[in-house]
Amino acid sequence: MEYKLTDFLPTTKKECELRGWDQLDVILFSGDAYVDHPAFGPAILGRVLESHGYKVAIVPQPDWHGDFRDFKKLGRPRLFFGVSPGAMDSMVNRYTANRRMRSEDAFSPDSRHDMRPDYPSILYTQILKKLFPDVPVALGGIEASLRRISHYDYWKDELRKCILCDSGADLILYGMGERSIVELADAFAQGKTLKEIHEMPQVVFYCKDNEIPGGFKDDDIILHSHEECLHNKKGQAENVRHLEEEANKMHAQRMIQEVDGKYVVVNPPFPLMTTEELDAAFDLPYTRLPHPKYKGKTIPAYEMIKFSVNLHRGCFGGCSFCTISAHQGKFVVCRSKESILKEVKKIIQMPDFKGYLSDLGGPSANMYGMHGRNPKACSVCKRPSCINPQICPNLNVDHSKLLEIYHAVDALPGIKKSFIGSGVRYDLILHKNKDEKLNEISRQYARELITKHVSGRLKVAPEHTSPTVLKYMRKPSFDLFYEFKRMFDKINKEEGLNQQIIPYFISSHPGCHEEDMAELAVITKSLDFHLEQVQDFTPTPMTISTETWYTGYDPYTLEPVFSAKTPKEKLAQRMFFFWYKPEERRAIETELRRIGRADLIDKLYDKPMGKGKKGSYGKETYERNGRRGRHPEVNYDDKAIGSTYDNPGVGRGAHGKRGAGRNAKNSDRFAPKGYGNVGCYDEEKYLNNGRPLGKSKNTNANIRDAVAAARAELRAAKDQGSGFFKGKKKKSFNPNFDNDNHARRSNGNEGRGNGNGNRGKRR
């Protein structure tokens, strides 16, 4: 099908004139190239506004240098500017986990890496406010959504304020924006002021205390101030826990955070979209093509998804390192079968379509059609995950609706094969329902998935093998992966197929030590995996994992958590992925001996390397350390990224209350940020109210005793609810989590030497 220039949303003044428009209602600025496809946010929002009668244009990847002509070329909109960084967070898009700039940008023509700045939401807004100071600017997209309160920024290595403070924008439309952007346009079209719009759901704004609609209310959640969070990492951890809980509730509460004497107000979101509303957004007249201005150029992100179909929104997995729940929420909203088939038929008509759909999926491929059996139970639930630590008994784990979609799509003329490219939750497939019919449907789904929808390699994400690390990740036990692989291999053998499982793993996640990575290497070797899909943990704004990594605390239990932070520590973990490479062997063997796990060398390698008796070093290390698996003493870099010290008693609003101040009683100023947390200040000094524990006459045993006593005092304060912990109630989505942590910590501290990174015996 041939499309005219006017079939796309306009990007230039000439294109506006072709439509007969002399002024626009809304102008959208995006850090991505303009692809008129429902997988790209600006295209969806532009088409939704267009369907409601508004004149909309998109300025993709404006040049932010020189005279700002791209920002001026369309003039002043009648209603407002919208600004988005694109489909990804700009810093994740531009930089690797090691903070090196990427050489390619998948969302730019011909992969050019210089088409967007760092933090385009901030820079684009600052330019627009300079040129058009009286025109409202609304931020949207994942970059703004995940920066709506104080957040740790890995690339700047600092705790940053709400993005409204840095950008000067008037509003954030967080989450999925189809409803909110139309509501905003309608409000401005009706002549409402910004103050009146502050009562709109799903917006974030910045104002004085007397400008908060209705003032401070009893059911408002008052977050720890930004100033307090700069010095009190526990306060920051608690803030992020609140944000996650409210993002995953059907009926959320308003959140308020003080910043620089003013207040960031996060209004509760709109109710969940209905299937009809979601269908309406996907059924709009997209050309499903890049704008003609890119003719002859390739946009890799588009090439990857142009023959794929998104079935639903939302994910109830609750993985602690994932941003989906903070942006889309945990409740799954599904498209109708009719809407899905309509989109597939459009794909079939595309001239370069060869009969193969690259993906029928969503945030998680096999959550389509799943929801709580009892809606009333869901309406009061604030668990971040419906499937961790166990699958909720209220969840209907039913794959039948998804199978219906597969069958209907595969029956269409022109479809040769439909593949599943999105991540599959094998814990849902393996779940034992009380209803045997549902178990049979799950088995049927597994067989059809493996035999009909895998292109030779099925990608799944166990993420790790360690029970402790998986607990922090909110991922299922690795035992389930074993079970799934047995099922996968069995079906392949029965069907005469030669397919592979490609597992994804993460190194340097909070809670992960070198020993855990070494054991991962041994386990994956036993499964005959030579790992390819691996990832060093990248702290992205507003995830639970990121805040755990930065603060040193689990936001739900406030228990200290170890994290690898220095490049050396990260590399020491990552190299275990590649145990099979000869060039890595010497470093791996050296590291295994250093951490007292020389016994694993024999499990990784068949023949010894060099002279000497195999495993002798490891045995000596065990005897010296007193028990199996304990690490030798390590000195960590206190200037590592994310390693600023924690002082809960400094800053305004200690404990989340205005006026508590630096010298508040029982502030426990010198409470540690996390014993044993990598990159800490000098722990012995800090536990002794800022004074050294002793001079040269003090032995290591004296220091250990002093540290142990200080820790015991802190634990007692916590148990008694005194000091810093006064008036605080530990909360956890898992009632057994706190006890498990306490037991693990007690075991790990027994007989411990230096607190910096030494581990106790494994459980």
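The values are calculated or read from the model by the stated rules, or taken from the named source; none is laboratory data. Predicted model only: the values in this text are computed from it and were never measured. Glycine gets a Cβ as well: all are built from the backbone with ideal geometry, and neighbour counts include every protein chain shown.
Applying the selection to the stretch 354-371, what residues are hydrophobic (A, V, I, L, M, F, W, C) and in a loop (DSSP other than H, G, I, E, B)?
Within the stretch 354-371, ALA365, MET367, MET370 meet the criteria.
For GLY41, indicate whether it is of a type outside the set (A, V, I, L, M, F, W, C) and at pLDDT below 95.
yes
Which residues, taken from the stretch 506-542, are over 30 Å from TYR174 (Cβ atoms) and hydrophobic (A, V, I, L, M, F, W, C)?
The answer is CYS512, MET517, ALA518, LEU520, ALA521, VAL522, ILE523, LEU527, PHE529, LEU531, VAL534.
Take LYS192 and tell me if it is surrounded by fewer than 21 Cβ atoms within 10 Å (Cβ to Cβ) and more than 23 Å from THR546 (Cβ to Cβ).
So LYS192 fits the description; yes.
Which residue, of SER364, SER320, SER325, SER400, is surrounded by fewer than 17 Cβ atoms within 10 Å (Cβ to Cβ), among the polar types (S, T, N, Q), touching a residue at least 24 places away in the same chain (Cβ under 8 Å) and not assigned by TED's automatic domain parsing to the domain that holds PRO38?
Going through SER364, SER320, SER325, SER400 in turn, the sole match is SER400.
What are the residues in the stretch 278-330 that are in a loop (DSSP other than H, G, I, E, B), in contact with a strand residue (DSSP E or B) (Cβ under 6 Å, 6 or more places away or on another chain) and of a type in the set (Phe, Trp, Tyr), if any?
TYR286, PHE307
Taking the criterion of being outside any loop (DSSP other than H, G, I, E, B), in contact with a Lys or Arg (Cβ under 9 Å, 6 or more places away or on another chain), small (Gly, Ala, Ser) and surrounded by fewer than 20 Cβ atoms within 10 Å (Cβ to Cβ), would at least one residue in the stretch 372-379 satisfy it?
yes
Among the residues of the stretch 218-236, is there at least one that is within 24 Å of the chain's Cα centre (by Cα), assigned to a helix (DSSP H, G or I) and aliphatic (A, V, I, L, M)?
no
Quickly run through the stretch 404-447 and pick out the residues that are of a type in the set (Asp, Glu) and within 24 Å of LYS306 (Cα to Cα).
GLU404, ASP410
Condition (residue is buried (at least 24 other Cβ atoms within 10 Å of the Cβ), charged (D, E, K, R) and assigned by TED's automatic domain parsing to the domain that holds ARG47) applied to the stretch 159-178: is it met by at least one residue?
No - not one qualifying residue is present in the stretch 159-178.
Quick one: which of THR548, THR566 is touching an Asp or Glu at 6+ places or on another chain (Cβ under 8 Å) and modelled with pLDDT of 95 or more?
Going through THR548, THR566 in turn, the sole match is THR548.
If I go through the stretch 195-207 residue by residue, how many of them are more than 31 Å from the chain's Cα centre (by Cα) and not acidic (Asp, Glu)?
Within the stretch 195-207, residues that are more than 31 Å from the chain's Cα centre (by Cα) and not acidic (Asp, Glu) number 1.
Just to confirm my filter: which strands (runs of 3 or more DSSP E) fall fully inside the stretch 133-178 and include at least 1 residues that are among the charged types (D, E, K, R)?
Result: 151-153, 158-160.
Quick one: THR298 ticks every box in (1) in contact (Cβ under 8 Å) with a residue 40 or more places away in the chain; (2) in contact with a helix residue (DSSP H, G or I) (Cβ under 9 Å, 6 or more places away or on another chain); (3) farther than 30 Å from ARG112 by Cα; (4) surrounded by fewer than 18 Cβ atoms within 10 Å (Cβ to Cβ) bar one, so which box is it?
(3)
Taking the options PHE578, PHE529, name whichever one is more than 25 Å from the chain's Cα centre (by Cα) and without any contact (Cβ under 8 Å) to a residue 40 or more places away in the chain.
Exactly one residue qualifies, and that residue is PHE529.
Which ones in the stretch 456-482 are charged (D, E, K, R) and farther than 21 Å from CYS386 by Cα?
Across the stretch 456-482, the qualifying residues are ARG457, LYS459.
Across the stretch 3-32, which residue is farthest from TYR294 (Cα to Cα) among those that are in a loop (DSSP other than H, G, I, E, B) and among the β-branched types (Val, Ile, Thr)?
If we take residues in the stretch 3-32 being in a loop (DSSP other than H, G, I, E, B) and among the β-branched types (Val, Ile, Thr), then THR12 is farthest from TYR294 (Cα to Cα).
Can you tell which of LEU272, LEU284, LEU230, LEU243 is more than 23 Å from GLU178 (Cβ to Cβ) and outside the structural domain of ARG160 (by TED's automatic domain parsing)?
LEU230
Taking the residues in the stretch 432-443 that are touching a helix residue (DSSP H, G or I) at 6+ places or on another chain (Cβ under 7 Å) and of a type outside the set (Ser, Thr, Tyr) as candidates, determine which candidate is farthest from GLY317 (Cα to Cα).
In this case the residue turns out to be ILE441.
Could you check the stretch 59-73 and list, in sequence order, the residues that are within 16 Å of GLN23 (Cβ to Cβ) and either crowded, with 22+ Cβ neighbours inside 10 Å or within 34 Å of the chain's Cα centre (by Cα) (or both)?
VAL59
Select from the stretch 89-123 the residues that are modelled with pLDDT under 95, within 27 Å of GLU569 (Cβ to Cβ) and assigned to a loop (DSSP other than H, G, I, E, B) and list them in ascending order.
Of everything in the stretch 89-123, those that are modelled with pLDDT under 95, within 27 Å of GLU569 (Cβ to Cβ) and assigned to a loop (DSSP other than H, G, I, E, B) turn out to be ASP89, THR96, ALA97, ASN98, ARG99, ARG100, ARG102, SER103.
Only one of ARG457, ARG474 is under 28 Å from the mean Cα position of the chain (by Cα) and more than 22 Å from PHE529 (Cα to Cα). Can you tell me which?
When all the criteria are applied, what remains is ARG474.
Which condition does VAL522 not pass, out of (1) buried (at least 22 other Cβ atoms within 10 Å of the Cβ); (2) of a type in the set (A, V, I, L, M, F, W, C); (3) in a helix (DSSP H, G or I), if it passes all the others?
With (1) buried (at least 22 other Cβ atoms within 10 Å of the Cβ); (2) of a type in the set (A, V, I, L, M, F, W, C); (3) in a helix (DSSP H, G or I) applied to VAL522, the lone miss is (1).
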